[in-house]
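Only one structure is covered here, and it is reproduced in the block below.
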Amino acid sequence: MSVAIRTTDLRKQYAHVLALDGVDLEVETGEIFGILGPNGAGKTTALEIIEGLRRPDGGEAEVLGQRPWPRDPALLRRMGVQLQASSFFEQLTAGEQIAMFADLFDAPAEAAADMLDRVGLADAADVRTKKLSGGQAQRLSIGCALVHRPELVFLDEPTSALDPQARRNLWDLMREIRAAGSTIVLTTHSMEEAEALCDRVAIMDAGRVIAVGTPLALVRDLDAPVRITIPPDTMTREQAAALPGVDEAEETESGITLRSADAAAVLGALARDGRLHGLQVRGATLEDVFLNLTGREYRA
Amino acid sequence: MTRSLSALVREGFKALLRDKMALFFTFGLPLGFLILFGLMFSNNSSTPKVLVVGQGSLVQVIDSPAMKDALDVERATDLAKARKRVENAEVAAVISQEGQTLRVDYAASETQTSGQVLGIINGVVSQANLKAAGVTTPAFRMDAKTVEDTSLGYIEFFVPGLLGYGISVGAVFGLAIALVQWRRSGLLRRLQLTPVATRDIAVARVIVHVALAIAQTIAFFALGKLAFDLKLSGAWWMALPLVVCGTIAFLAIAFAVASFAKTQEAASGIANAVTLPMGFLGGAFFPLDLAPGWMQGISKVMPLTYLTDGLKDVMVRGQGPTAALIPMAILLGFAVVIGGVAVRFFRWE
């Protein structure tokens with residue numbers, strides 16, 4: 001596997017804030033890589049340095065084999081960056097907007113119409129960008145980042161304002177882009193998105209990378225108990241607590257919730273009694289990993 | 001022209017044509033001023049209006065076709081009512097004859113027209129006296145001529161003045177507000193992440209605004225010619241290179257405004273604070289010849305002063321093409337100095 005991005009010991013100090021405190025990242029070519037972290041963790045600063053918008057105080061970044069700083073038009077041509085959904089030429093229509101970015105990146109003219117269609121905006125081609133809905137504007141900003149078929153794509157919370165349909169369509173689009181050999185780096189606050197889409201994720205906090213791996217491996221490493229919820233009036237709390245494998249039983253509004261490190265034993269016992277109906281089983285998720293690593297206090 | 005540069009230029013024109021406010025401020029407002037000022041002063045031009053009441057040898061002379069160029073004469077019957085109209089400033093004077101005396105009732109408040117009327121009527125009376133004394137060839141004569149083109153009137157002042165003002169407003173507001181909006185929306189950052197050269201972004205804006213200024217110039221010439229009988233004299237075509245240099249100077253100001261303003265409201269406030277005083281002190285609305293020295297001193301640091309002065313020289317004061325060269329050089333000098341300062345303070349985000 002070749003490497004699309006490599007950073008070593010990136011450091012950045014703002015007036016009163018240490019934004020990056022030694023960030024090492026390695027993104028492989030052809031993967032979808034998620035960067036997770038609470039607000040203020042340093043995700044944006046790290047991406048800005050990798051994209052070439054900022055110069056680090058210390059450390060090095062290498063992107064597609066090049067240095068992103070100082071600004072290098074040849075490197076920028078190979079990258080596609082989605083910023084906030086407001087970064088448009090205000091007076092242009094959606095179709096003109098994406099054609100404009102095709103012009104700026106010297107992409108084939110027909111690519112603009114194709115991409116507009118691909119992000120589901122063919123019907124909105126003649127609508128001024130300031131009249132687009134939040135979701136439409138977000139899809140347009142993704143289309144503008146992808147119109148020149150970049151090798152490396154940066155997406156900033158790409159599906160935060162989207163409805164479930166649009167969100168799944170865009171996940172499909174990203175998987176297609178990956179299948180075509182491109183690399184995608186995205187930030188997200190949606191653990192569901194990270195689990196469904198990302199090959200690997202990095203979790204950042206306080207200017208450092210505190211965990212990297214596939215979502216599955218991170219969840220497995222957490223070694224969190226499975227939660228099994230039994231419908232009300234099936235058994236008493238004491239009966240439930242006595243089942244084999246149960247570590248803890250707790251009465252809740254939706255019934256009795258059991259925590260177990262050996263879910264197989266608990267479920268086996270319940271199956272023998274014919275009590276599987278209405279059962280809910282919930283394993284640990286990436287969100288549990290995230291909260292476990294970063295804590296529950298409010299952030300900036 | 002590279003593909004990205006031509007795309008940026010096309011975007012500039014589209015944005016301008018779709019922005020009703022921008023169109024109003026670059027065309028509607030300055031052309032509206034020209035129409036307003038043109039109409040306001042056209043009545044007030046050379047021939048004062050007078051009423052004559054009754055008969056008499058001198059009244060007859062005043063009411064003759066020979067006086068048409070000097071006075072706009074109207075007959076009236078009721079002396080009292082006629083005097084009322086003088087009080088109301090509808091006419092400059094009422095003239096009536098009682099025996100050998102020509103009586104002139106005028107309003108002292110209207111010094112300029114009253115003086116003009118009294119002078120003309122005094123001339124008529126003197127002529128009549130000479131004739132009565134039997135003098136056919138007077139011993140002394142006066143030959144008075146204006147130094148400017150004989151037809152230089154209000155419109156010849158307003159067209160170059162308001163054209164300069166319109167160009168300053170179009171360039172300063174247009175670019176400053178666009179740049180601030182681009183910065184606030186994140187578009188400037190977005191453009192930094194494209195392979196487009198910063199130089200192309202700047203060149204595209206200059207092309208768009210220079211083309212806009214040329215369109216404004218054509219509109220001003222056309223309106224002046226067609227509606228107000230603008231009389232051009234001298235190397236009037238040098239107005240074009242002057243306008244181009246002026247636009248570049250104003251774009252540098254706009255760039256400076258955008259460097260200091262954080263919001264669009266602030267940008268438009270600062271743009272107003274720059275263009276309005278520049279219009280008043282830069283010879284756009286009234287001549288500065290009679291202004292106190294310190295005011296003329298302030299006007300010397302305003303690029304608009306040199307644009308309007310240069311425009312007047314080549315458009316209506318009969319000057320040759322070289323008269324535009326010094327103002328053009330000064331305007332480009334302003335652009336270099338102001339632009340140089342702005343570059344140091346400009347922020348992309």
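The values are calculated or read from the model by the stated rules, or taken from the named source; none is laboratory data. It should be emphasised that the depicted structure is a prediction, and the values quoted were computed from it without experimental measurement. Heads up, the Cβs are rebuilt from the backbone with ideal geometry, glycines too, and the neighbour counts pull from every protein chain shown.
Structure notes:
- Any helices (runs of 4 or more DSSP H) falling wholly within the stretch A:63-169 and containing at least 3 residues that are among the small types (Gly, Ala, Ser) and under 20 Å from the mean Cα position of the chain (by Cα): A:134-146
- Screening A:MET235 on (1) assigned to a helix (DSSP H, G or I); (2) modelled with pLDDT under 90 shows it passes everything except condition (1).
- Applying the set (1) in a helix (DSSP H, G or I); (2) modelled with pLDDT of 95 or more to B:THR194 leaves exactly one unmet item: (1).
- Which listed residue is touching a residue at least 12 places away in the same chain (Cβ under 8 Å), farther than 19 Å from A:ARG149 by Cβ and surrounded by fewer than 23 Cβ atoms within 10 Å (Cβ to Cβ), from A:GLU28, A:GLU48, A:GLU96: A:GLU28
- All of (1) among the aliphatic types (A, V, I, L, M); (2) within 15 Å of the chain's Cα centre (by Cα); (3) surrounded by fewer than 16 Cβ atoms within 10 Å (Cβ to Cβ) hold for B:LEU288 with one exception: (3).
- Options B:ASP105, B:ASP69: the member that is under 27 Å from the mean Cα position of the chain (by Cα) and of a type outside the set (Val, Ile, Thr): B:ASP69
- Output for the stretch A:40-62, where each listed residue is part of a helix (DSSP H, G or I) and within 14 Å of chain B (Cβ to nearest Cβ): A:THR44, A:THR45, A:LEU47, A:GLU48, A:ILE49, A:ILE50, A:GLU51
- Within the stretch A:176-188, the set of residues being outside any loop (DSSP other than H, G, I, E, B) and in contact with a strand residue (DSSP E or B) (Cβ under 8 Å, 6 or more places away or on another chain) comprises A:ILE177, A:ARG178, A:THR183, A:ILE184, A:VAL185, A:LEU186, A:THR187.
- Residues of the stretch A:4-18 that are modelled with pLDDT of 95 or more and either at positive phi or small (Gly, Ala, Ser) (or both): A:ALA4, A:ASP9.
- Condition met for B:ALA66 (touching a strand residue (DSSP E or B) at 6+ places or on another chain (Cβ under 9 Å), among the small types (Gly, Ala, Ser) and under 30 Å from B:GLU156 (Cβ atoms)): no
- Conditions (1) more than 30 Å from B:MET328 (Cα to Cα); (2) acidic (Asp, Glu); (3) out of contact with any helix residue (DSSP H, G or I) (no Cβ under 6 Å at 6 or more places or on another chain): number failed by B:GLU156: (1)
- Some residue of the stretch B:302-315 being surrounded by fewer than 15 Cβ atoms within 10 Å (Cβ to Cβ) and either in the same structural domain as B:TYR165 (by TED's automatic domain parsing) or closer than 20 Å to B:LEU34 by Cβ (or both): no
- Just one of the numbered conditions (1) under 13 Å from the mean Cα position of the chain (by Cα); (2) at pLDDT 90 or above is not true of A:ALA206: (1).
- The residue list B:GLY174, B:GLY115, B:GLY153, B:GLY164 contains one member that is crowded, with 23+ Cβ neighbours inside 10 Å and over 30 Å from A:LEU76 (Cα atoms), which is B:GLY164.
- Within the stretch B:110-128, the presence of at least one residue that is part of a loop (DSSP other than H, G, I, E, B) and not assigned by TED's automatic domain parsing to the domain that holds B:GLN264 is confirmed.
Matching residues to (1) closer than 29 Å to A:VAL63 by Cβ; (2) touching a Lys or Arg at 6+ places or on another chain (Cβ under 8 Å); (3) within 11 Å of chain B (Cβ to nearest Cβ):
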position: A:THR93; (1), (2), (3): no, yes, yes
position: A:GLN97; (1), (2), (3): yes, no, yes
position: A:ASP106; (1), (2), (3): yes, yes, yes
position: A:ALA109; (1), (2), (3): yes, no, yes
position: A:VAL127; (1), (2), (3): no, no, no
position: A:LEU140; (1), (2), (3): yes, no, no
position: A:ARG149; (1), (2), (3): yes, no, no
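- The set of residues from the stretch B:258-285 being of a type in the set (A, V, I, L, M, F, W, C), under 15 Å from the mean Cα position of the chain (by Cα) and not in a helix (DSSP H, G or I) comprises B:ALA284, B:PHE285.
- Check on B:GLN319, surrounded by fewer than 18 Cβ atoms within 10 Å (Cβ to Cβ) and either in contact with a strand residue (DSSP E or B) (Cβ under 8 Å, 6 or more places away or on another chain) or more than 15 Å from B:GLY164 (Cβ to Cβ) (or both): no
- The conditions of being in contact (Cβ under 8 Å) with a residue 60 or more places away in the chain and aliphatic (A, V, I, L, M) are not met by B:ALA222.
- Top-ranked residue in the stretch A:189-216 [being part of a loop (DSSP other than H, G, I, E, B) and hydrophobic (A, V, I, L, M, F, W, C); ranked as farthest from A:PHE33 (Cα to Cα)]: A:ALA206
- Selection of first residues in the stretch B:125-148 that are under 22 Å from B:GLY56 (Cβ atoms) and of second residues that are at pLDDT below 80 and among the β-branched types (Val, Ile, Thr), restricted to Cβ pairs under 9 Å at least 6 apart or on distinct chains, gives the following pairs, ordered by first then second residue: B:LEU130/B:THR136.
- Which listed residue is in contact with a helix residue (DSSP H, G or I) (Cβ under 6 Å, 6 or more places away or on another chain) and part of a helix (DSSP H, G or I), from B:PHE255, B:PHE221: B:PHE255
A quick yes/no check of all residues on (1) more than 14 Å from chain A (Cβ to nearest Cβ); (2) over 17 Å from B:ALA284 (Cα atoms); (3) in contact with a Phe, Trp or Tyr (Cβ under 6 Å, 6 or more places away or on another chain):
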site: B:LEU162; (1), (2), (3): yes, no, yes
site: B:ALA178; (1), (2), (3): no, yes, no
site: B:GLN181; (1), (2), (3): no, yes, no
site: B:PRO195; (1), (2), (3): no, yes, no
site: B:ALA239; (1), (2), (3): yes, no, no
site: B:VAL243; (1), (2), (3): yes, no, no
site: B:ALA256; (1), (2), (3): yes, yes, no
site: B:ALA266; (1), (2), (3): yes, yes, no
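- The listed residue being farther than 30 Å from B:ILE248 by Cα and among the aromatic types (Phe, Trp, Tyr), out of B:TYR154, B:TYR106: B:TYR106
- Those residues of the stretch A:69-91 which are crowded, with 23+ Cβ neighbours inside 10 Å, more than 8 Å from every other protein chain (Cβ to nearest Cβ) and at pLDDT 95 or above, in sequence order: A:GLY80
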